[in-house]
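One structure is given here, and the rest of the page talks about it.
The numbers here are math on the coordinates, done by the rules we state, and not lab data. None of the values given here were measured: they were computed from a predicted structure. Here Cβ is always computed from backbone atoms with ideal geometry, including for glycine, and neighbour counts include all displayed protein chains.
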Amino acid sequence: MSILQLDEIRRYLNTVAIGAEILYFQRIRSTNDMLFVLGEQGYVDGTVVFAESQTQGRGRLGRKWCSPPGVNIYMSILFRPKIEISDSAVFTFLTSLAVKDVLSKIRVPCSIKWPNDIVCGGRKLAGVLTEMKPGRNGLVDFVVVGLGLNVNITMEEIQRIPAIANIATSIREVLSKEVDRTNLVKGIIQNMDRYYMIFLTQGVDSIVTKWVNRWGGINRFMKIDTGSGVIEGVARKVDRSGFLYLETISGELKKIVAGDVSY
Ligand code: BT5
């Protein structure tokens, strides 16, 4: 079993911001919850929290993130950017871009899925959860970005968890071999730092544009289950808040805030 080597990660990192502090826990409720508390205590921009397992790992809208011990990556990163609250989705995008780069490098054939997933062969490999604490004048106080990435969990183990049996996959399953989590983490942090610097120097739109190009969904027909109905149409735009605009058959441009996309 691959062990997460924190000292090696610390030694290797050559980042501007991310990894300024790295905390590691065997078992906690949720790395996002933990980092939110640390954010309130004043921890610095770039602080990272890892857990080997989470008892209450979370997805969006109160959904659960299954977090069995020792095999996957559950991590959160704290950011203290001077941005408007409505721009915080950019952190989901920069995280997806970084993870996608790392997965491409080890030849995992995956794609980005709006708004916060990485999928492979129609199954979910990773999810990103961005949360923030509002500050003054419409700006954020801090942002916490959580990443759950299925690394070495086997298909047998996945199938023993009913909630994800039919929807999840892992890097090990795709590559038919175990993967070193330490190396993956190094790559993810290094790439997130690179995109964070692009964001700080070139702004929100530069990251959104990169994400949209990598996503490849513009001008494609898609169906989105919004939870309160299915909307069909051609994707025309993703704005800086992460909202997706679908042109429906009637020619109307519909703004979609969240939903599950299928092609
Ligand atoms: C997400 O939510 O995809 C965001 C997941 C973020 C998890 C990380 S882990 C570290 C940090 N700490 C936390 O507490 N959370 C973050 P959403 O799009 O709402 O997807 C949730 C759905 O994904 C669930 O309802 C399941 O269908 C599915 N799911 C749950 N666990 C999964 C897993 N391990 N692998 C693949 N799919 C899973």
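What to note about this one:
- Gyration tensor verdict on region 157-263 (Cα atoms; rounded if a/c is under 1.5, prolate if a/b is larger than b/c, oblate otherwise): oblate
- Separation of alpha-carbon centers, region 54-122 and region 210-250, rounded to whole Å: 19
- Partnerless cysteines in the chain, where a partner means another cysteine C-beta under 4.7 angstrom, comprise Cys66.
- Of all DSSP bridge pairs formed entirely within the chain, close to 85 percent run antiparallel.
- HN-Hα J in Hz across region 215-232 - Karplus 6.51, -1.76, 1.60, θ = phi - 60°, x for Gly and Pro: 5, x, x, 5, 6, 9, 7, 8, 10, 10, 8, 8, x, 10, x, 9, 10, 10
- For Asn166 and Ser250, the FRET efficiency from 1/(1 + (r/R0)^6), where r spans their Cβ atoms and R0 equals 30 Å, is about 0.30.
- The chain, helix-only ellipticity at 222 nm - DSSP H runs n ≥ 4, -39,500 (n - 2.57), divided by all residues, nearest 500: -9000 deg cm²/dmol
- Ile85/Ser176 FRET efficiency (R0 51 Å; Cβ-Cβ; nearest 0.05): 0.70
- FRET E, pair Asp225, Ser53, Förster distance 41 Å, beta-carbon r, rounded to 0.05: 0.85
- In order along region 77-83, the phi-based Karplus estimate (6.51 cos²θ - 1.76 cosθ + 1.60, θ = phi - 60°) of 3J(HN,Hα) comes to 10, 9, 10, 10, x, 8, 10 Hz; Gly and Pro are listed as x.
- Over 32 Å [Cα-Cα, the chain], rounded percent: 19
- Relative to the current alpha-carbon distance between Ile198 and Arg107, full extension at 0.36 nm per residue lengthens the span by 30.3 nm.
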